Structures are given as C-alpha cells and as structure tokens.
Amino acid sequence: MPHFQIEYSANIEDVVDIDALCDAIRVSAANVQTFPLAGIRVRAVRVEHFAIADGNPTHGFIDLSIRLREGRPHDVKLDALTVIFSALKNFMAKAMETRSIALSAEMRDIDNVFSAKFGNIRDNMEDIA
C-alpha cells in the first residue's frame, strides 16, 4: 500500500497528460517515507459523464483517492496527504491557468483484517542506487 486512484473528467485530456500525472504522483509517493515503494499503485479512471457547478461543460475535475493500510499516526498521514496533494496542485498549475478544474484528494485507511494481499513485485524490483 498505498493505492492512488485518480478519477478525472474526460474533458481535461486535451490539457492534461494523464500518464505523466500518474507518474508524478508515483514519484511523489516514492519520496514519502511512510509509503513502501513496492506497494505504490497509481491508476486513473476517465469519467465520461459528469456535471459540475453551474453546468458549464468546460469545467473539469481530478479527484485523488488514497487508500492505505491502517496503523499510521494521524500526523504522518496528514504530512503524506499534504505532500501528495502539493504534487497534484503543482502538476496541474499550468492547465489551471487556462481551464477551470477542481482538485480534491482524500486519504482513508483500509482495515487490515479485510484486506488480502499477494504478489511478487518485491521479488522483481530492480535495485535502486
């Protein structure tokens, strides 16, 4: 863990490189000590149907959901959220100069009892110098 899910309105793809956004979030998360590198997952889901504020079809959004296993102290989670949300805002700054885009982020804990995990990514990661 953590898992980052980005939902974004389809109408911002002309001003936002979603692949680059995913990588920016991944890099930012990799620099947060509380997040194990092998557990980081970033994915994006395009939302085709949406209505925002006054109904202006040019308004867009990015909603970032961060899920992580429970047990981290409140201040550690708040610091991590601050770092990740800053990375999102910095990445989006240029696009937001010309487009109205709402950004949001939420972090929530996953109950360890109800979260099964299995994988071999750690066995196949390249050593990082």
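The values are calculated or read from the model by the stated rules, or taken from the named source; none is laboratory data. None of the values given here were measured: they were computed from a predicted structure. Glycine gets a Cβ as well: all are built from the backbone with ideal geometry, and neighbour counts include every protein chain shown.
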| query | Of the residues that make up region 1-10, is at least one out of contact with any Ser or Thr (no Cβ under 6 Å at 6 or more places or on another chain), within 30 Å of Asp75 (Cβ to Cβ) and without any contact (Cβ under 8 Å) to a residue 40 or more places away in the chain? | reply | no
| remark: The strands (runs of 3 or more DSSP E) lying entirely within region 29-129 that contain at least 2 residues which are closer than 26 Å to Val15 by Cα, β-branched (Val, Ile, Thr) and out of contact with any helix residue (DSSP H, G or I) (no Cβ under 6 Å at 6 or more places or on another chain) are 41-47, 60-69
| query | Identify, please: which residue in region 46-76 is charged (D, E, K, R) and in contact (Cβ under 8 Å) with a residue 60 or more places away in the chain and is, among those, nearest to Ser100 (Cα to Cα)? | reply | Arg67
| request: Output the residues belonging to region 72-129 that are of a type in the set (Phe, Trp, Tyr) and in contact with a strand residue (DSSP E or B) (Cβ under 9 Å, 6 or more places away or on another chain). | output: Phe85
| request: Quickly run through region 32-64 and pick out the residues that are surrounded by 11 or more Cβ atoms within 10 Å (Cβ to Cβ) and closer than 18 Å to Asp79 by Cβ. | output: Val32, Thr34, Phe35, Pro36, Leu37, Gly39, Ile40, Leu64
| request: Looking at (1) touching a strand residue (DSSP E or B) at 6+ places or on another chain (Cβ under 8 Å); (2) over 15 Å from Val16 (Cα atoms), find the lone condition where Ile62 falls short. | output: (2)
| task | For region 107-125, name all the residues that are exposed (fewer than 11 other Cβ atoms within 10 Å of the Cβ) and either among the acidic types (Asp, Glu) or at pLDDT below 75 (or both). | result | Asp111, Val113, Phe114, Lys117, Arg122, Asp123
| said: Could you list, ordered by first residue, the pairs with Cβ atoms under 8 Å in which the first is in region 24-45 and of a type in the set (A, V, I, L, M) and the second is assigned to a loop (DSSP other than H, G, I, E, B) and surrounded by 15 or more Cβ atoms within 10 Å (Cβ to Cβ), at least 6 apart or interchain? | reply: Ala29/Pro2; Ala29/Phe35; Ala29/Ile40; Ala30/Ile40; Ile40/Pro2
